[in-house]
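*Asks:* Got a structure for you, written out below as structure tokens; questions coming shortly.
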Ligand SMILES: [Zn+2]
């Protein structure tokens, strides 16, 4: 398993703000509880162990299915109510199975029913009732024990089973990086490899530090615009050129017979290259904010829109929204990294950020070049990305969470264009707040 695969498992996190009531001075300090799930694979297991785990999975799944059906039919979403309703029946069915599997199955089912109902309320449910396809066995502290860091012992209906592990880089990184291991891992069986993945949940409390200033960021197809102090830096990413380049190469490949594999490999290569650049740019922005002690201002991007809707959309405002939704993964990366370091993130309303004049607030019209816009009211011409990043900064300052620095009368900033080779190698922009 590669590091990239593990990252996928770390999608879950929740945010909560705790206030320290005992200390009046600290009452405005925000605390963020981050949770990451990290997958750790086992080596290939013996048939005896794997079959026992397979039976365990079947029984656990049966419990979850019954809890979900019961909960959905009666609108019960509390794990305690679910457990009370079916405990004795399920407990009696497999007397050899440790009773806590009924507990964790009820927890698992309660979250499934809750999220299905939420989807249904939003009209996004794809099925009539919740369906259980993917299953992982939830463990609690009565059902498993660690054996050092390289094995766990799991209670099953066939006694305790030791599962050796291959701890990954991500696992050690969390363990040594101040993260706390929570006591409820999950087991996922991998039938092809006759192995399991253990999803460990790590938790970290991060204190959001107060911001001294602001770094505004605007994500574009071919660049990331960053405004810090009185300057705008356009970090070129060349992502559009990658898309175009690979597209034409794929067309050539497809015209030759039997090259479907090459074509697919190219597509994968293209995606890797793009996500690599996005990650680098996200890192760069966060590092810069950390160095300056600043908050990060970003547009609150719209949710993904189904692709088949896009072709029929003529409304330019909606098209713009849809287009911007493509940057969500990069935005998520920036927010995730910022939160891990306690850097405040201010999300602003993205409405018309790239079509409002930063100087007079008027609506911008087409300018003298493709990405230039002109203000018919005050006559000023703006780069589209420059206008967007200035407006993003202004909106973040208007929210009042960050003390504003000196605001010049004329908002025209100095703009530097930085090619990718240059910023990817540089440690920082070298600016001072
Ligand atoms: Zn204007």
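The values are calculated or read from the model by the stated rules, or taken from the named source; none is laboratory data. Predicted model, so just to flag it, every value in this text is computed and none were measured. Methodologically, a virtual Cβ is constructed for each residue, glycine included, from the backbone with ideal geometry; neighbour enumeration extends over all protein chains shown.
*Asks:* Could you grab me the full set of residues in the range 400-414 that are surrounded by fewer than 12 Cβ atoms within 10 Å (Cβ to Cβ) and either at pLDDT 70 or above or within 11 Å of the ligand (Cβ to nearest atom) (or both)?
*Replies:* The answer is 400, 414.
*Asks:* Kindly establish whether residue 417 is near the ligand (Cβ under 10 Å from one of its atoms) and either in a strand (DSSP E or B) or at pLDDT below 90 (or both).
*Replies:* Taking the combined requirement at face value, the residue does not satisfy it.
Okay, residues lined up against (1) outside any helix (DSSP H, G or I); (2) within 28 Å of the chain's Cα centre (by Cα); (3) surrounded by 21 or more Cβ atoms within 10 Å (Cβ to Cβ):
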position	(1), (2), (3)
34	yes, yes, no
38	yes, yes, yes
54	no, no, no
57	no, no, no
60	no, no, yes
71	no, no, yes
77	yes, yes, no
95	yes, no, no
111	no, yes, no
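*Asks:* For residue 37, state whether it is modelled with pLDDT under 95 and assigned by the TED database to the domain that holds residue 133.
*Replies:* Against the criterion (modelled with pLDDT under 95 and assigned by the TED database to the domain that holds residue 133), residue 37 qualifies.
*Asks:* Another question, if that's okay. Among the residues of the range 205-220, is any in the same structural domain as residue 396 (by the TED database) and at pLDDT below 80?
*Replies:* no
*Asks:* Could you list all residues from the range 188-218 that are in a strand (DSSP E or B) and over 30 Å from residue 284 (Cα atoms)?
*Replies:* Scanning the range 188-218 gives 188, 189, 190, 195, 196, 197, 198.
*Asks:* So, one more: Looking only at strands (runs of 3 or more DSSP E) that lie completely in the range 135-187, which have at least 2 residues being in contact (Cβ under 8 Å) with a residue 40 or more places away in the chain and buried (at least 16 other Cβ atoms within 10 Å of the Cβ)?
*Replies:* Where strands (runs of 3 or more DSSP E) fall fully within the range 135-187 and carry at least 2 residues being in contact (Cβ under 8 Å) with a residue 40 or more places away in the chain and buried (at least 16 other Cβ atoms within 10 Å of the Cβ), they are 151-156, 159-164.
*Asks:* Of all residues in the range 113-134, how many are over 19 Å from residue 61 (Cβ atoms) and surrounded by fewer than 15 Cβ atoms within 10 Å (Cβ to Cβ)?
*Replies:* Total meeting the criteria: 8.
*Asks:* Next question, about the same structure. Go through (1) over 20 Å from the mean Cα position of the chain (by Cα); (2) within 23 Å of residue 42 (Cβ to Cβ); (3) surrounded by fewer than 19 Cβ atoms within 10 Å (Cβ to Cβ) one by one and return the number of the condition residue 209 breaks.
*Replies:* Of the numbered conditions (1) over 20 Å from the mean Cα position of the chain (by Cα); (2) within 23 Å of residue 42 (Cβ to Cβ); (3) surrounded by fewer than 19 Cβ atoms within 10 Å (Cβ to Cβ), the odd one out for residue 209 is (2).
*Asks:* Out of the range 342-393, which residues are within 14 Å of the ligand (Cβ to nearest atom), assigned to a loop (DSSP other than H, G, I, E, B) and surrounded by fewer than 21 Cβ atoms within 10 Å (Cβ to Cβ)?
*Replies:* Those that are within 14 Å of the ligand (Cβ to nearest atom), assigned to a loop (DSSP other than H, G, I, E, B) and surrounded by fewer than 21 Cβ atoms within 10 Å (Cβ to Cβ): 352, 355, 359, 360, 361, 362, 367, 376, 377, 378, 379, 380.
*Asks:* List every residue pair whose Cβ atoms lie under 7 Å apart, where the two residues are 6 or more positions apart in sequence or sit on different chains, the first residue falls within the range 207-221 and is at negative phi, and the second residue, located anywhere, is exposed (fewer than 15 other Cβ atoms within 10 Å of the Cβ) and modelled with pLDDT of 85 or more.
*Replies:* Final answer for the pair search is 211/293; 212/293.
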